[in-house]
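Here the structure is laid out as structure tokens; the discussion comes afterwards.
Nothing in this text is a laboratory measurement; each read-out follows from the coordinates by a stated rule. Everything numeric here is computed off the predicted structure, so don't read it as measured data. Reconstructed Cβ throughout: ideal geometry from the backbone, glycine too, with neighbour counts over all protein chains shown.
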Amino acid sequence: MPDGSLNDRGIASLIEPGRVHRRVYTDPAVFELEMQRLFGRAWLFVGHATQVPNPGDFITTDLGRQPVLMTRHHDGSVRVVLNRCTHRGIKLVAERQGNRQRLICLYHGWTFDPDGTLLRVPVDEGCAPGFKLCDFNLAKAPRVGVYRGFVFASLSPAGIAFDDWIAPMKQNIDDIVDRAPGGEIALDAGVHRYLVRANWKMQAENAVDSYHVPFSHASTVNQKGVQFSRREGDNEGAKVVDGQRTAPQWKQRRSYSVGHGHCWTSNTELKENERSSAVYDEYRRTLEAAVGKERSDWILTPRMHNSLLYPNVSFMGLNMHIRVIKPIAVDLTEVNIYPVRLLGAPEAMNERNTRLLNVTHAAASFVQSDDLEAFARAQAGLQSLQTDWVDISRGLGREEAIDPPGALRQMATDELVVRGQFRAWLDYMSEA
Ligand code: FES
Ligand SMILES: [Fe+2]
């Protein structure tokens, strides 16, 4: 039984093989420790290089509790610096995004370059003896890693190397980026942003939860149990429900857990041979012209539905988007949904993809609104003292070992991926 303390023993007692204590979702002290030990240590998605295309461009975000700026410096490099003036500590930039060649603090006018170099202090005759500008540059994120334009940072100088952390998930990023005939994507088509009154882990778990779909999203299937079309060129989506039961096709999905909390689910089989529309056919021709027919066929064969790079970003292959999870409080989370623009694809294809996302993952859309309701109700239900435990035991003991060593697979309607996330959670949350 958990003893209530948050030393290593107390934290470990919150996680059992097939269940977790409700405090991991409800206790503000656990959340504070997550901000220090998990979000303060892990590699976190910051942004995509295409969000800051020109020198002076910036976006602001938070890595756990820490406000950061991702900028494009004058030399063309992308930088991640802490969004905190080195004078008296105020947040240097308040806007979500913009362009400034110099970052000027509104309080006393200290002026920084986009790479964080302090250039100027007004009324410099007042500076203390020995004051040096170079001692007051903005702090840099201790470690930054980039893969195919996706910028990640760790707020800890120590920990798993970026290459080791990202290695098992490179194929999941490639799966989407390779769809661009130009070989690159852009996250410059806007964002759906909303708050949900629930713990951030609900969204991380749900991104790879295939168990809930026939029930939570019952309103998205027709009388034959088939979901509406979620890809350009399809007449209909996946068969989800068969009578009153989960459809056999749906049960064929598999989930994968590959360490560090990373995980993904495979796609449901759709009618690939029938996929066609004027817009899709033109896109397909463009991709074939760029990479050849064989490679194009391979790229367009769906393998992954949704992938989670633990803890804060997921990649969805069906309604293509990047989802960024920002914890704000133990019971409050910001969700950001970025449409993916395939560079080199006909703009009509990009527009259709973005519009489909409006239907499925906007704040008031089909699909995601069902999930948000479930998260909020879970947060409310977990206040109950009926039991302290949350069950995550589906498929426990039936995991199938696959390559590379340590990787596991099982039916996507089981809870392998949730358990994999909590294994990583425990690693981060332990003191050492
Ligand atoms: S707090 Fe930024 S210049 Fe004084
Ligand atoms: Fe869902």
| Dipole of region 1-112, positive direction: furthest Cα of 51, 73, 18, with charges on the beta-carbon | 73
| remark: Tilt, helix 347-361 to longest principal axis of the chain (alpha-carbon atoms), in degrees rounded to tens, equals 80
| note | If the chain between residue 289 and residue 377 were fully extended at 0.36 nm per residue, the gain over the current Cα-Cα distance would be 26.8 nm
| field | Dipole of region 384-432, positive direction: furthest Cα of 418, 401, 387, with charges on the beta-carbon | value | 401
| said: If the only charges are +1 at each Lys and Arg Cβ and -1 at each Asp and Glu Cβ, what is the size of the charge dipole of region 101-216 around the Cα centre, to the nearest 20 debye? | reply: 300
| Residue farthest toward the positive end of the dipole of region 169-429, with Cβ of Lys/Arg at +1 and Asp/Glu at -1: which of 261, 302, 223? | 223
| message | I'd like the orientation of helix 278-291 relative to the chain: the angle between its Cα long axis and the longest Cα principal axis, in ° from 0 to 90, rounded to 10. | response | 70
| Two-site label geometry, residue 158 and residue 65: point separation in nm, points 7 Å out along Cα→Cβ | 2.1
| said: Output needed: Cys residues of the chain lacking any neighbouring Cys C-beta below 4.7 Å, sorted by number. | reply: 127, 134, 263
| field | Rel. contact order, % - alpha carbon contacts under 8 angstrom, at least six apart, region 293-432 | value | 10
| Tell me, what is the FRET efficiency for residue 351 and residue 215 to the nearest 0.05, using R0 = 45 angstrom and their Cβ-Cβ distance as r? | 0.90
| note | Note, region 142-159: 3J(HN,Hα) by Karplus (6.51, -1.76, 1.60, θ = phi - 60°), whole Hz, Gly/Pro = x, goes x, 9, 10, x, 10, 9, 6, x, 7, 9, 10, 9, 10, 7, 10, x, 10, x
| field | Residue order, fewest to most surrounding Cβ atoms within 10 angstrom, among 314, 369, 5 | value | 5, 369, 314
| query | Points 7 angstrom from Cα along the Cβ direction at residue 87 and residue 174: gap in nanometres? | reply | 5.0
| note | Checking rank on 223-236, 155-168, with mean other Cβ inside 10 Å and highest first, the result is 223-236, 155-168
| remark: When 27, 281 are arranged by how many other beta-carbons sit within 10 Å of their Cβ, fewest first, they go 281, 27
| Assigning unit charges at the beta carbon (Lys, Arg +1; Asp, Glu -1) and nothing else, what dipole magnitude in debye, to the nearest 20, does the chain show about its Cα centre? | 320
| Given the pairs 201/251; 224/271; 224/326; 170/239, which span a C-alpha to C-alpha distance of over 27 angstrom in this model? | 224/326; 170/239
| field | Nearest-20 debye value, region 44-147 charge dipole, Cβ charges on Lys, Arg, Asp, Glu | value | 260
| task | May I ask for the distance between the Cα centers of region 242-263 and region 51-106, given as a whole number of Å? | result | 40
| said: Give the separation of the Cα centroids, region 336-381 to region 304-334, in Å. | reply: 11
| request: Can you tell me which of 266-273, 193-200, 52-59 comes out highest on packing, and rank the rest after it, using the mean Cβ neighbours within 10 Å? | output: 193-200, 52-59, 266-273
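If you average the sequence gap of Cα pairs under 8 Å that are 6 or more apart and divide by the length of the chain, what percent do you get for the contact order?
Relative contact order here is 21 percent.
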| Where the centre of each part is set by its Cα atoms, how far does region 139-194 sit from region 392-432, in angstrom? | 23
| task | Divide by every residue of the chain the summed helix terms, -39500 (n - 2.57) for each DSSP H run of at least 4, and state the resulting mean residue ellipticity at 222 nm, rounded to the nearest 500 deg cm²/dmol. | result | -7000 deg cm²/dmol
| note | For the chain, longest principal axis from Cα atoms; helix 416-429 axis from its Cα atoms; angle between them, nearest 10 degrees, is 20
| By its C-alpha gyration tensor, with a ≥ b ≥ c as the square roots of the eigenvalues, how is the chain shaped: rounded for a/c under 1.5, else prolate for a/b larger than b/c, else oblate? | oblate
